[in-house]
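Beneath this line is the structure, given in structure tokens, with notes to follow.
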Amino acid sequence: MVNILAETTLNENLAQIVEKLKSLMDSFWVYIVIALAAAVVLWGAYVGIRIAVAHKNEEKINARDMVKNLIIGIVIIFVVAMGAPLLINGLSAWVG
């Protein structure tokens, strides 16, 4: 009997946590996307300026590496931005 009560309480607590996470994501999602987009734009501008002012071959190679890192960073940001809501929905389905 105690085990069933503890399990029910745990499930209720997990459901409450998932609901709070959902409401938090819903309320801040636009701001998170805007902040990530601004970071990508600013870093892209910085990399573009570095490429434009690169005079030596070594500087050009470093600038190309920065472009590769920028693209990898954009992919990682996209994966995290798309994965977080899916993870929360998965938790919701698992708990519910």
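The values are calculated or read from the model by the stated rules, or taken from the named source; none is laboratory data. For clarity, every value in this text was computed on a predicted model and none was experimentally measured. Cβ placement follows ideal geometry from the backbone for every residue including glycine, while neighbour counts extend to all protein chains displayed. Protein only, heavy atoms only, side chains kept; ligands, DNA and RNA dropped before computing areas. Shrake-Rupley method; radii C 1.70, N 1.55, O 1.52, S 1.80 Å.
Please list 16-29, 49-62 highest first by mean number of surrounding beta-carbon atoms within 10 Å per residue.
Numbers: 16-29: 12.6, 49-62: 11.1.
The most tightly packed comes first, giving 16-29, 49-62.
Give me the percent of accessible area attributable to carbon and sulfur for the chain, probe 1.4 angstrom.
Numbers: 5470 of 7640 Å².
Carbon with sulfur: 72 percent of the solvent-accessible area.
Grab the DSSP H runs of the chain that are 4 residues or longer, score each as -39,500 (n - 2.57), total them, divide by all residues and round the 222 nm result to the nearest 500 deg cm²/dmol.
Numbers: 2 runs with 91 residues, N = 96.
Mean residue ellipticity, 222 nm, calculated: -35500 deg cm²/dmol.
Excluding residues fewer than 8 places away in the same chain, name every one of the lysines whose C-alpha is closer than 27 Å to that of K68.
The reachable lysines, counting only those whose Cα sits under 27 Å from K68, are K56, K60.
Under a 1.4 Å probe, what is the accessible area of the chain per residue, stated in Å²? Write out the running numbers ahead of the final one.
On the way: 7640 Å² over 96 residues.
Using a 1.4 Å probe on heavy atoms only, each residue of the chain averages 80 Å².
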